[in-house]
Amino acid sequence: MRKQVSVSFMVCGLLFTTCLIVANIVEQKLIAVGPIEATAGLLIFPVSYIVNDLIAEVWGYRKARLIIWYGFLMNFVAVAVFRLSILVPGSGNFHQQEAFALVLGNTTRITVASFVAFLFGSFLNAYVMSRLKILQHGRGFSLRAIASTVVGEGADSLVFFTIAFGGVLPVHDLLMLILTQIGMKTAYEVIALPLTNRLVKWVKRKEHTDVYDTGISYKPWKVRDI
């Protein structure tokens, strides 16, 4: 019997990947959130953690692991195409090379920081969701959604800013930047929580699925174990 792909799961995977790629493009713009300066990636990147929560809650850690790796692969492909597009000579009718490179190009250090931070943060987010669901016997989704975001986004921000700006910014400024990012991303999760709760309940009813990760391997590289 052939396995069928759930439409809801497919949509979640597409949304997850879209958030990653779009966040990479817009993160170079600095925006003001009240008195706080942040990157425009804040507008969409936290959505990937909400989707991560939903997948881990409904379909379990193994499906979340699959989506994380495929999201990483698609993000890598997008960055590779951006770099290639910048390097290929433009035609005589193209006069926006500098602006094009500015928007789509990142330094190697920023790119590496983004990739590594994403893997750390996403896997920790899914792991915390999975373990807390078992410990809470399926109750208290809101608590584990917030806890997983604090851990996942915390790891993401810590790894990203340390790799990207370590040795460039003063330690105090770097620490404040990390804490500010964690705080704002967690606030994003809290504000979206009522909608996330309803969405999770709706998907569970629609899919007739509510996975508990008992007896599984949490090793990030076991992608075939789905």
Residue among THR186, THR149, THR209 that alone is touching an Asp or Glu at 6+ places or on another chain (Cβ under 7 Å) and modelled with pLDDT of 90 or more = THR149
Matching option when the condition is touching a residue at least 40 places away in the same chain (Cβ under 8 Å), in a helix (DSSP H, G or I) and surrounded by fewer than 20 Cβ atoms within 10 Å (Cβ to Cβ), among TYR49, TYR70 | TYR70
Does the stretch 125-136 contain any residue that is of a type in the set (S, T, N, Q) and more than 30 Å from ILE36 (Cβ to Cβ)?
-> yes
When residues of the stretch 162-194 are limited to those that are in contact (Cβ under 8 Å) with a residue 40 or more places away in the chain and touching a strand residue (DSSP E or B) at 6+ places or on another chain (Cβ under 9 Å), the one least open to solvent (accessible area, probe 1.4 Å) = GLN181
Just one of the numbered conditions (1) open to solvent by less than 20 Å² (accessible area, probe 1.4 Å); (2) within 24 Å of LEU20 (Cα to Cα); (3) in contact (Cβ under 8 Å) with a residue 40 or more places away in the chain; (4) not hydrophobic (A, V, I, L, M, F, W, C) is not true of LYS133; which one?
-> (2)
Search result, residues across the stretch 136-161 that are open to solvent by 10 Å² or more (accessible area, probe 1.4 Å), under 21 Å from SER217 (Cα atoms) and in contact (Cβ under 8 Å) with a residue 60 or more places away in the chain | GLY138
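The values are calculated or read from the model by the stated rules, or taken from the named source; none is laboratory data. All values reported here derive from a predicted model rather than from experimental measurement. All Cβ positions, even for glycine, are placed from backbone atoms using ideal geometry, and neighbour counts span all protein chains on display. For accessibility, only protein heavy atoms count, side chains too; no ligands or nucleic acids. Shrake-Rupley method; radii C 1.70, N 1.55, O 1.52, S 1.80 Å.
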